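Below: one structure, written as structure tokens.
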């Protein structure tokens, strides 16, 4: 009977793969390289002198690092070369970026459901193939609709999907060390923010913006496809391990104590019926909206305040090490303090940063602004990655984070365009900064109220597995 069940499940999996051609092709790689608990290949991973989750963490870091072509800090480098060459206005470019990001947000929940169904290995490889292709095709853009579709693709695949896949993988492999693990993985984001703008600027200067997009696509393929195929595994349980490297004999029965964490897992529909779910969605908006909006207009903001372009670039680079520091501090605290307190602190620091930006007129004030902004982003990004699996468990975290990523991508889209329009009306960035200032204050209060949800305890099961 068990064999019939497995064969039926296998056929169902084959039918799913046939409905999704790329996923079906990649799944063949999984079936060749993956193993089941009864196969001896597990011994290879179990003989590694350290927990394989650290390899997953490195894979997640590489994924975040290589998501740069879909991030605002890379897209913003292309603004002036592209609008000068194509003869478009800055408002048109901002509108296309906003519209593309909003449309991309609609696709991310689908990616989350596919992540729960197929696992990180298949999804990372598939997304890497598509993301690289989309980046290459932007290099041949000739019309606004073409650029709009390109923005939809790179924002959905890079900024949305790769961030979702990497954070979900690490959440699956770590539980008690989740804060530190997320912090270490998140270090890749400021490193990427420091490295890629310089790389892209050099590529544009040497070969033009069209070739720069093509080269970025090639980098995505060369880095992420091997990572997905060779390094990523769905979960520790799928290779005979336990989260955090906890040891248990391979053939030991799974008792109630072994599976207690599963009783705290929430489905998306269950999570959506809690007040905490909606609070955390709201709490995540300032980082995406304000951070993306000010990064998109960073150079112009500094120029209008009387600073040179070189100083603007220097402050942007200074944000990266401060974000690294914020990431490490948040990761250390997330394993020791209630996550909502850390989140509230990050939002209050963001509000303070906006206040500081209003009278900014000297070089030292500019660097203090960049330091606070980077530190706040590091704190909030790490805490956001930790709090969702801590509150809602691992089993359905892909579907849940898919919805979260949708809100974050949509929020990031709502930053650049309103700032652009308000600046066009007032010729001053202080007006949009003051309008946005109340948002992080409100979310700081909501963060403090977002306590972990509680589930009704299920009936105690005596034992799962063969009787001893």
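The values are calculated or read from the model by the stated rules, or taken from the named source; none is laboratory data. Every value quoted in this text rests on a predicted model; they were computed, and no experiment measured them. So basically every Cβ, Gly included, is an ideal-geometry build from the backbone, and we count neighbours across all protein chains shown.
Values as computed for the structure displayed
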{"read-out": "Segment 199-233, residues that are closer than 24 Å to residue 317 by Cβ and without any contact (Cβ under 8 Å) to a residue 40 or more places away in the chain", "value": "199, 202, 203, 205, 206, 207, 215"}
{"read-out": "Within segment 395-436, considering residues that are at pLDDT below 85 and outside any helix (DSSP H, G or I), the one farthest from residue 355 (Cα to Cα)", "value": "395"}
{"read-out": "Given (1) within 20 Å of residue 52 (Cα to Cα); (2) modelled with pLDDT under 90; (3) assigned to a helix (DSSP H, G or I), index of the condition residue 169 fails", "value": "(2)"}
{"read-out": "Yes/no for residue 452 being assigned to a loop (DSSP other than H, G, I, E, B), touching a helix residue (DSSP H, G or I) at 6+ places or on another chain (Cβ under 6 Å) and surrounded by fewer than 23 Cβ atoms within 10 Å (Cβ to Cβ)", "value": "yes"}
{"read-out": "Residue count, segment 327-356 (criterion: within 20 Å of residue 311 (Cβ to Cβ) and crowded, with 22+ Cβ neighbours inside 10 Å)", "value": "2"}
{"read-out": "Residue list for segment 86-108, filter: more than 30 Å from residue 237 (Cβ to Cβ) and part of a loop (DSSP other than H, G, I, E, B)", "value": "87, 88, 89, 106"}
{"read-out": "Some residue of segment 136-143 being buried (at least 24 other Cβ atoms within 10 Å of the Cβ), assigned to a helix (DSSP H, G or I) and at negative phi", "value": "yes"}
{"read-out": "Segment 302-316, subset in contact with a helix residue (DSSP H, G or I) (Cβ under 7 Å, 6 or more places away or on another chain) and within 15 Å of residue 365 (Cα to Cα), residue surrounded by the fewest Cβ atoms within 10 Å (Cβ to Cβ)", "value": "303"}
{"read-out": "Any hit, segment 174-184, residues being free of Cβ contacts under 8 Å to residues at least 12 places away in the same chain, over 15 Å from the mean Cα position of the chain (by Cα) and assigned to a loop (DSSP other than H, G, I, E, B)", "value": "no"}
{"read-out": "Test: residue in segment 62-85 that is outside any helix (DSSP H, G or I), in contact (Cβ under 8 Å) with a residue 40 or more places away in the chain and surrounded by fewer than 22 Cβ atoms within 10 Å (Cβ to Cβ)", "value": "no"}
